Structures are given as structure tokens and as C-alpha cells.
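In what follows, a single structure is set out as C-alpha cells and then discussed.
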């Protein structure tokens, strides 16, 4: 029996039992579509984070006031950002490290902001002006300019802060915002970053660092710093400098390295942490989809067992006219693979339709060609594996017994 004959035979049988075939295929469609959507979301999140890390730069170091290794285990209260602190004097310790080229700093606090007749409470960052020059890609200007050294009562807005924070009232350069009752002139609006994890950055509001003593007086202590951004000299070893900064700050805070109340992060260390998290996320999402696909495979197995029972006499006729056990096995395996493959192709299409709408929810999924091809091959494999035992059983039925089956 030629392959074409086997294929035609399987297709004819599937058409004769369309309802059962499609009910089985739907199970595979759901499983494959689930895998496509969940894995694409996981990969999209990973790609977005990697893109932002590229903009972070290999020559940059960030110091934050909590130990990131213990923050998720209840060691610090991250929601209010932290119960630990960085201080103005820490800047002097950082600058002592050879290879440190520049240090920027920022503090954070929630304040009352009024624009026209609308008043809201929103976070505001008081940052030194060199922070903008350290990250030129992140702080690209859409309109106006960034805050300049020595300015007072001015504000630089993220794209969403200008265009969405006050509803239909869009803020433009030259407008005035009342921040904790003090008028601030808008000098610039940042370009939209637009990645899955940039929503907080796109909604950021920046004021001059010195205004932390007035505007943020109720939010932070006079000598407190929320974050240091450090740029190392060209050609310097960023990781080695980060280790030296860690030693200096541990001495300043009078804590051991194991019990430090801060974190010194480089692009490499962030990448390592993020990769571990996203790999776990993607793996977990894939496992959920895999369970759905296995359920679909059970449906295929059930369908094939029923098919063998219904076609026992037909199997006997095929053997009587010369079909071998291998050819019988091939027929049922091919049919199971066709069911799985059809479900895989349609499931891939359904998944692609779903992920096309996901960006509207702020996440940009990524479906790689390898995953697209892989899920279809996987679906065919699920079908073949699920159909193997029924197919083997069919191939072992003696011709005489099959012909006498009623």
C-alpha cells in the first residue's frame, strides 16, 4: 500500500466521522493555542527586559537601598520601597572607588499635583541633572528639553504623565503644574519608551534634586537618597568596581557583606537575575500549556480506541487482501498524527490571533519561528504517541478473528 493510498484512506475515514474527529481536534487546538499564547507572552517579557538592559549599558551601576536577595523573602518592606536607607554621605564613599566617572542620585515621594481643575496624588522623582545624560536613550525628548543645572520650580514629564495622567487634559511644554502647592513650569516631555515594563517610567515626573528639601520634605529625610546611578570610566572593569563599591558601602553602613542593606547592580547581575526569573516563568507557562495538550492527547487515544473497535472487521478485510501488520499500524498512526497535526496548525493560528490582541493590554508577546514550527511538530507527536497503543492493537488482530467480529 502506497503512502498516498494510506493517506487517502485515513482522510476518507476522518470525513465519515467528522463530528468525532473535530471534537478530538478541538482538544488539541485548545492545548496548542494555550502553549503558543503563554510561551509567546513569556518570551515577549524576556525580550522587553533584555531590550531595556541594553539601554542600561555595560558601563552603568545602580545602587538601591535594600538587599534584592532578601527583599522578596520579607526582609524589607519593598512596597514603600524600603526600611533601609542610602545617604548623601554614601556618595563620597562611592566616589573614592577608582574608575567611577560620575554619580547621579534621586529620591522618591508621593505628592499632590494639580493641573487646571484636576488634582491627583502621584509619585515624583527629584533627580540630579546628570541622570538624564547617563541614560540618553531612556530620556529622549519628545518636546522641549530636560531639566538643567541650577533650575528651580521646573518639571520634566514622562510621555504618559503628560498625555494620560490628567485624563483628557494633556500637559504641554510651558504649562504649569502645582506640586504640593508650588507652581512648576513644564520644560520638557519625554519620548514614549513603550515596552511591557516601562509603564512606570513613561508615567514618571521629575523635578530638580534640590527640591527634595521642600517639595519632598514630608516623604524623605534631608540626607536620604533613594538611588545612586554610577557611570564607570571607559575601559574600566564594571564588575570589579561594583565589588569595591559594595565593600565601601558595607563599611559605611557598618554591616557585613552577607547582611548588607543595599544592592549594587550591574547590567550583568540584572541580566542573570532576570534570566532566572523569566526562564522559570516561561517554563511554568509552557507546563500549563503542556497539560492542556496532554488532555487533548488523551482525547485522541480515546478516539483511536473507538475507531479500532468500530473497524475491526474492516481490519480483517484489509489483512485478507494482503495488508501487513505494519501497514495496519501505519494507517492508525497516520490518522492519529493527522488529527494531532490538524489541531496543531489550527491551534497555532488561533494562538497567533490571540497574541495579536495582547499588546492592547501592555504586553508585547514574541512568537519565534522555532516555537511556531515546534508546536505543530509537538501536536503531531502527541497524536502519534496517543494513537500508538490503539494502532498496535489493531495491527495484532488476527485476520480470521477480525473477519468474524460482529
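The values are calculated or read from the model by the stated rules, or taken from the named source; none is laboratory data. These figures come from a predicted structure and were not determined experimentally. With ideal geometry, Cβ positions are generated from the backbone for all residues, glycine too; neighbour counts draw on all protein chains shown.
Please determine whether any residue of the range 144-154 is within 14 Å of residue 201 (Cβ to Cβ) and either surrounded by 17 or more Cβ atoms within 10 Å (Cβ to Cβ) or in contact with a helix residue (DSSP H, G or I) (Cβ under 8 Å, 6 or more places away or on another chain) (or both).
For the range 144-154, residues within 14 Å of residue 201 (Cβ to Cβ) and either surrounded by 17 or more Cβ atoms within 10 Å (Cβ to Cβ) or in contact with a helix residue (DSSP H, G or I) (Cβ under 8 Å, 6 or more places away or on another chain) (or both): absent.
Somewhere in the range 341-351, is a residue without any contact (Cβ under 8 Å) to a residue 12 or more places away in the chain and surrounded by fewer than 20 Cβ atoms within 10 Å (Cβ to Cβ)?
Start the filter on the range 341-351 by keeping residues that are without any contact (Cβ under 8 Å) to a residue 12 or more places away in the chain, which leaves 349.
If we keep only those that are surrounded by fewer than 20 Cβ atoms within 10 Å (Cβ to Cβ) too, we end up with 349.
Yes, the range 341-351 has at least one match.
Keeping to the range 217-227, report how many residues are touching a helix residue (DSSP H, G or I) at 6+ places or on another chain (Cβ under 9 Å) and without any contact (Cβ under 8 Å) to a residue 12 or more places away in the chain.
So the count comes out to 1.
Answer yes if at least one residue in the range 304-319 is modelled with pLDDT of 80 or more and outside the structural domain of residue 199 (by TED's automatic domain parsing), and no otherwise.
Checked the range 304-319: no residue is modelled with pLDDT of 80 or more and outside the structural domain of residue 199 (by TED's automatic domain parsing).
Just one of 229, 160 is crowded, with 18+ Cβ neighbours inside 10 Å, modelled with pLDDT of 90 or more and within 17 Å of residue 144 (Cα to Cα); which is it?
Going through 229, 160 in turn, just one is crowded, with 18+ Cβ neighbours inside 10 Å, modelled with pLDDT of 90 or more and within 17 Å of residue 144 (Cα to Cα): 160.
Filter the range 265-278 for residues that are assigned to a strand (DSSP E or B) and farther than 15 Å from residue 57 by Cα and give the result. Spell out the reasoning first.
Within the range 265-278, the first condition is being assigned to a strand (DSSP E or B), and the residues that meet it are 265-266.
Listed by number, the list is empty, since nothing qualifies.
Residues checked against (1) at pLDDT 85 or above; (2) over 28 Å from the mean Cα position of the chain (by Cα); (3) in the same structural domain as residue 46 (by TED's automatic domain parsing):
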position: 326; (1), (2), (3): no, yes, yes
position: 334; (1), (2), (3): no, yes, yes
position: 342; (1), (2), (3): yes, yes, yes
position: 346; (1), (2), (3): yes, no, yes
position: 355; (1), (2), (3): yes, no, yes
position: 360; (1), (2), (3): no, no, yes
position: 365; (1), (2), (3): yes, no, yes
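Out of the range 260-274, which residues are surrounded by 13 or more Cβ atoms within 10 Å (Cβ to Cβ) and without any contact (Cβ under 8 Å) to a residue 40 or more places away in the chain?
Passing the criteria: only 269.
Exactly one condition in (1) in contact with a helix residue (DSSP H, G or I) (Cβ under 7 Å, 6 or more places away or on another chain); (2) assigned to a loop (DSSP other than H, G, I, E, B) is false for residue 104; which is it?
(2)
Here are some residues: 49, 32, 61. Which one is over 30 Å from residue 299 (Cβ atoms), modelled with pLDDT of 85 or more, under 34 Å from the mean Cα position of the chain (by Cα) and crowded, with 18+ Cβ neighbours inside 10 Å?
One residue alone meets the criteria, 61.
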